[in-house]
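Below you'll find the structure, written out as structure tokens, and then a few comments.
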Amino acid sequence: MKGKIRVAVVVDLPLLREGIVHALSNAKNIVVVAGTQPGLEGLTRSRLSVDILIVELTTTAGSFQFIEKVSEQHPGTSILLLGEAGDPRAVISALKGGARGYVLTSVSGSDLIEAVRQLALGESYVSPNLAAQLLGASIIE
């Protein structure tokens, strides 16, 4: 990818959101254009043009609807989910809903940067600790 990777961070907890913004801001070729709380209104109001949208995945239906709406309204934006290991089926549903990657909240800053760069190249990314669980859950279904 040429130029800077434009990222927006949509995370509810201010401390977590600020930590992610700080980690990404120190990376070469990545610029964080927004850090906001969940809600499509804030993103559409600002009419952001981003390459990667980092979204905190919760188990609420609103979280899944948000992912689907962003995928529909901004098809050029790759969604990277952030969350706990939790239920692999919920993660699979979110990935099927349009997300391109998933990182655990326990991820290091360097691994988060790697995930953002992989998505910017058109690849998918799943935290290695979660990959085996996802494969097991998809085989069971």
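The values are calculated or read from the model by the stated rules, or taken from the named source; none is laboratory data. All values reported here derive from a predicted model rather than from experimental measurement. With ideal geometry, Cβ positions are generated from the backbone for all residues, glycine too; neighbour counts draw on all protein chains shown.
Conditions (1) over 22 Å from Leu134 (Cβ atoms); (2) modelled with pLDDT under 85, marked per residue:
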| position | (1), (2) |
| --- | --- |
| Thr44 | yes, yes |
| Val50 | yes, no |
| Thr58 | no, yes |
| Ser63 | no, yes |
| Phe66 | no, yes |
| Ala99 | no, no |
| Tyr102 | no, no |
| Thr105 | no, no |
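For segment 8-42, which positions are in a helix (DSSP H, G or I), modelled with pLDDT of 85 or more and either of a type in the set (Ser, Thr, Tyr) or surrounded by 14 or more Cβ atoms within 10 Å (Cβ to Cβ) (or both)? Walk me through it before giving the result.
Initial filter on segment 8-42 (in a helix (DSSP H, G or I)): 14-25, 40-42.
Then drop every residue that is not modelled with pLDDT of 85 or more, which leaves 14-25.
Leu16, Arg17, Gly19, Ile20, Val21, Ala23, Leu24, Ser25, listed by residue number.
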Number of the condition not met by Gly76 [criteria: (1) at pLDDT 85 or above; (2) closer than 17 Å to Gly109 by Cα; (3) over 12 Å from the mean Cα position of the chain (by Cα)]: (2)
Residues of segment 78-126 classified as assigned to a loop (DSSP other than H, G, I, E, B) and either among the hydrophobic types (A, V, I, L, M, F, W, C) or surrounded by fewer than 21 Cβ atoms within 10 Å (Cβ to Cβ) (or both), total: 15
